Amino acid sequence: MWSDLIAAIALLLILEGIMPFVSPDRLKRTLLEVVRLDNRTLRIIGLISMSIGLAVLYWVR
């Protein structure tokens, strides 16, 4: 179980690092746009993201 968790965290770090490596300027512009969003919108985006992740995890496992 611990090896799966560590592998998942490693994959998350790899995926999170792609955008700053490939296009740091685009990432900065995107983050500035995210700051302008209201809390409700961010929560909805987070809920959708978690739901998709849960569905993919359920499908894979």
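Every read-out reported here was derived from the displayed coordinates using simple, explicitly stated rules and does not represent laboratory data. Because the structure is a prediction, the values reported are computed rather than measured. Quick reminder, even Gly has a Cβ in these numbers, built from the backbone with ideal geometry, and neighbours come from all protein chains shown.
Across region 46-61, rounded Karplus estimates of 3J(HN,Hα) from the backbone phi angles (6.51 cos²θ - 1.76 cosθ + 1.60, θ = phi - 60°) give x, 5, 4, 4, 5, 5, 5, x, 5, 5, 5, 4, 4, 5, 6, 7 Hz, Gly and Pro being marked x. Under a plain spin-label model, where a point goes 7 Å from the Cα along Cα-to-Cβ, how far apart in nm are L32 and I52? With each label point 7 Å from Cα toward Cβ, the separation is 2.5 nm. In the chain, the ratio of gyration radius to Kirkwood radius, Rg to Rh, stands at 1.06 when only Cα atoms are counted. Since only P20, V35, I48 are under comparison, the one whose Cα sits farthest along the positive direction of the charge dipole of the chain, derived from C-beta charges on Lys, Arg, Asp and Glu, is V35.
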